[in-house]
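See below for the structure under consideration.
The values are calculated or read from the model by the stated rules, or taken from the named source; none is laboratory data. Computed from a predicted model, the values in this text were never measured in an experiment. Here the Cβ is made from the backbone with ideal geometry for all residues, glycine too, and neighbour counts use every protein chain on show. The accessibility values were calculated without ligands, DNA or RNA, using every heavy atom of the protein model including side chains. Shrake-Rupley method; radii C 1.70, N 1.55, O 1.52, S 1.80 Å.
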Amino acid sequence: MSIIYNNINNTFTLQTKHSSYQLKIVDLGYVLHTYYGNTIYGDDMSYLIQMANRCFSGNPYECSLDRCFSLDTLPQEYSCFGTGDYRIHSIQTINQDGSYASDLRYSSHKIYAGKYHLEGLPSMYADKDTAADTLELTLKDKSTGLTVVLYYGVFEDLDIITRAAKIVNNSNAPIKLTKASSLCIDFNEMNMDMITFYGRHAMERLMQRTPIHHGIQSVGSLRGTSSHHYNPFVIFCDHAATEESGNCYGFSLLYSGNFLAAAEADQINNTRFVMGINPDQFCFQLNAQECFFTPEVALSYSSEGLGALSQNFHKAYRNNLCRGKYKKARRPVLINNWEATFFDFTGDQLVNIAKDAAELGIELFVMDDGWFGDRNDDFRGLGDWVVNEEKLQGSLKELVDKINALGMKFGIWVEPEMVNENSDLYRKHPDWALQIPGRLPNLSRHQLVLDFSRKEVRDYIYDSICKVLESAPIEYVKWDMNRNLADVWSAALPTDRQGEVFHRYVLGLYEVLEKITNRFPDILFEGCSGGGGRFDAGMLYYFPQSWCSDDTDAIERLEIQYGTSYGYPVSSVGSHVSVSPNQQTGRETSLDTRGTVAMSGTFGYELDISKMTPEEKEIVKQQIKHFKKYYFLIQDGSYYRISNPGENNDYAAWQFVSQDRSSSLVNIVTLHARANAPFMHIKLKGLDPEKQYRINESKETYSGAALIYGGYPVPYEKLTNDYQSLQLCLSEA
Ligand code: DGJ
């Protein structure tokens, strides 16, 4: 059992392989957070908590003689609003009497083997290979009947702890929830950096590292999705933490809608971090006896730097968050027609692309946007999920049969959450789109968002998408979402419950995804939102991969994939080789370099193969062979960042090492060639110091120790120009 309750000092210690997390029930039933960090062996860590009389930090009534006991300075496990803790709070309610305050105290607890489950929300799961234990801690507010059950899931072997909360209205009148966070954690210091991931469309998840400072610092989204702009993944670490050393804490929210991740360094230099649903435009009514589940947060700690922290999340998400056949099975190398044709294609053209692709060893053909309704540009058609047989020159089944006859699987693009005004669906049901009566809606890519909080909308979409997927042997689906939510108002909810729509939208989406992925367990699903606009751990529960970015320029991708690697495994990163010069940036890169970069993802092509020379086609053939050979090393191996392409102007390098450390793949891409360049030494990582390795089948062998501590001198003549690449394949000698 990884959860230890000590009934003498009232501590709960959650133990993973390399970390401990502790909370303690103290006088009056308050639950304090005492520790999270490197393993401690059952010690009561509350000795770390110091108390002093601080003016303007009041005291609970029952201990008002003790002016040192203040909720405003003590580390809380789930901080309340309005009862004397003035720092960022975890929960806020509007109670029956109109007050906003809550006062949660310990009521009971349960510890059991197995992982709790959150109905209707994504969450990590235990299985036969990976055990988990659960602590449920019930807190109550005596005067309002508010009950909060704090859930803790402990994945000992994965070094992961999950948290979520169930909020119950145990009174006989409605209350309103205006904030319901998933996580609150206090640190007794502020000497740390906060790392967040920001970006924009076509440049997602760039890393930003800043020292924690007094006041509140936060990232979040109010776009209805997790967004291109800020990712729901945050790291705290020592100022000096590197890839290999230092204390690091990762916090990853399993949620795909509006979120807020906020840190506050307080008056006595403690830091509080709160993460969960964004409280802006959130107001959820809980009627008597109703309950509300917050999304889950996965936490991990490493004393061995950012590299090990990322690997914890990679392993956990690959094995205990992603589900379905393609969690383990090799995913097919694909070709997607989007950047080759955009909307301008016919059935015959698609078959021709597929023919060329099949000859090179590509295994899956994906038909992107433009195959349905009147969709010949992005002004129309969304919502009408009816095959355009004129354009495809036959039925979908006939097209798929032709592709299958080439020995290829067939995949299709959909964007089910959207509707164009110019569509039969909108003409029939204008109220199914989110918009505010009397106000002209904000348009984005000429489309509106369907109100997924409504059952009839979800049912219609579910049925129409199922109809398409059943009409032909479809083996892959790209589920796209090309705008953010605005004018959020649902015709199905009363005026005073409009603050629920954003969250109900996400719950509605999750319901549809759960049903569709269960109904088609053999289909490989890829998430997408104009590239990586909804690249979050919540979506990974339904779809094991997500299109990482609409920017397919190999050099830009280095930074995007670098940032993404902090919180997400390579197996989730949709990445394709596209044409050079690149359509977005005009940059020219070799096919080798484009292949090297795209291989550090799910791998595919997105260009017109018929325009390739025979030499280029031969390179593609070899790339696919090479990728298949190293597939499991790349997808299941440990991932090491060797250099940061945002900081190192000369080259980018990263490495995969197999779990048994018998093989490794090192990737290097030059960013800036220099005349009379300095020599380049790359220090490899993760190898077994005692093993001998051959590099690219060299005669000589090198010990792991030599390659780690001495490094590998990159042959001078190999990388002399901008954007060249080199892959080193290491095998145990
Ligand atoms: C945005 C996606 O990211 C692209 O890959 C493509 O599928 C387009 N949408 C199609 O409209």
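Suppose all protein chains stay in the model; what accessible area per residue would a 1.4 Å probe give for region 641-732, in Å²? Write out the running numbers ahead of the final one.
Numbers: 4600 Å² over 92 residues.
It amounts to 50 Å² per residue over region 641-732.
So how tilted is helix 396-405 from the main axis of the chain? Cα-based, degrees 0 to 90, rounded to 10.
Computed tilt is about 60 degrees.
Per the chain: cysteines with no other Cys C-beta under 4.7 angstrom?
Cys55, Cys63, Cys68, Cys80, Cys184, Cys283, Cys291, Cys322, Cys466, Cys528, Cys548, Cys729
Once the Cβ-Cβ distance between Thr346 and Arg427 is put in as r, and R0 is 30 Å, what FRET efficiency do you end up with, to the nearest 0.05? Present the calculation step by step, with values, prior to reporting the outcome.
Values: r = 27 Å, r/R0 = 0.90.
E(calc), rounded to 0.05, equals 0.65.
How large is the charge dipole for region 635-693, taken about the Cα centre, if only the Cβ atoms of Lys, Arg (+1) and Asp, Glu (-1) carry charge, to the nearest 20 debye? Intermediate values should be presented prior to the final figure.
On the way: 6 positive and 6 negative charges, 29 e Å.
That gives region 635-693 a dipole magnitude of about 140 debye.
Contour minus end-to-end for Arg674 and Asn191, with contour as 0.36 nm per residue of separation and end-to-end as the Cα-Cα distance? Spell out each step's value before the answer.
Numbers: separation 483, 0.36 × 483 = 173.88 nm, distance 3.86 nm.
My answer for the length gained is 170.0 nm.
When the helix-only estimate is applied to the chain (DSSP H runs of n ≥ 4, each -39,500 (n - 2.57), divided by the residue count), what is the mean residue ellipticity at 222 nm, nearest 500 deg cm²/dmol?
On the way: 12 runs with 134 residues, N = 733.
That calculation yields -5500 deg cm²/dmol at 222 nm.
Excluding the sites themselves, what is the longest stretch of the chain that contains no GluC sites (Glu not before Pro) in a DSSP loop with at most 16 other C-beta atoms within 10 Å? Please report the intermediate quantities before stating the final value.
Numbers: sites that count: Glu119, Glu189, Glu244, Glu290, Glu588, Glu647, Glu690, Glu697, Glu700, Glu717.
No qualifying site falls inside 291-587, the longest such stretch.
If contacts are Cα pairs under 8 angstrom and at least 6 residues apart, what is the relative contact order of the chain in percent?
Details: 1830 pairs, mean separation 72.2, N = 733.
Rounded, it is 10 percent for the chain.
For the chain, with all protein chains present and a 1.4 Å probe, just round the carbon and sulfur fraction of the accessible area to a whole percent. Can you show the working numbers first?
Working: 13480 of 27240 Å².
Carbon and sulfur atoms account for 49 percent of the accessible area of the chain.
Assigning unit charges at the beta carbon (Lys, Arg +1; Asp, Glu -1) and nothing else, what dipole magnitude in debye, to the nearest 20, does the chain show about its Cα centre?
Numbers: 68 positive and 91 negative charges, 146 e Å.
The dipole magnitude comes to about 700 debye.
So how tilted is helix 347-359 from the main axis of the chain? Cα-based, degrees 0 to 90, rounded to 10.
Once rounded, the angle reads 90 degrees.
Enter the angle in degrees (range 0 to 90, nearest 10) between the Cα long axis of helix 455-470 and the first principal axis of the Cα atoms of the chain, meaning the one along which they spread out most.
30
At each listed q (0.09 Å⁻¹), what is the log10 of I(q)/I(0) that the Debye formula gives for the chain modelled as equal alpha-carbon point scatterers?
Listed by q, the Debye log ratios stand at -0.84.
Hey, how many Å between the Cα centroid of region 564-605 and the Cα centroid of region 283-319?
Each part's Cα centre sits 28 Å from the other's.
With a cut-off of at most 16 other beta carbons within 10 Å, and DSSP calling the residue loop, which trypsin sites (Lys or Arg not before Pro) in region 317-424 qualify? Please list them.
Numbers: sites: Arg318, Arg323, Lys325, Lys327, Lys328, Arg330, Lys355, Arg375, Arg380, Lys391, Lys397, Lys402, Lys409; in loops: Arg323, Lys328, Arg330, Arg375.
Hits after loop and neighbour filter: Lys328, Arg330.
If I model a spin label at Asp374 and Ser143 as a point 7 Å from the Cα along the Cα→Cβ vector, what separation in nanometres do I get?
Output for this residue pair reads 6.1 nm.
How much FRET efficiency would the formula 1/(1 + (r/R0)^6) give for Lys683 and Asn442, where r is the Cβ-Cβ distance and R0 is 41 Å, rounded to 0.05?
On the way: r = 50 Å, r/R0 = 1.23.
Efficiency computed from Cβ-Cβ geometry: 0.25.
Using alpha-carbon pairs under 8 Å, 6+ residues apart, how would you state the relative contact order of region 641-732 in percent?
Details: 185 pairs, mean separation 30.1, N = 92.
Relative contact order of region 641-732: 33 percent.
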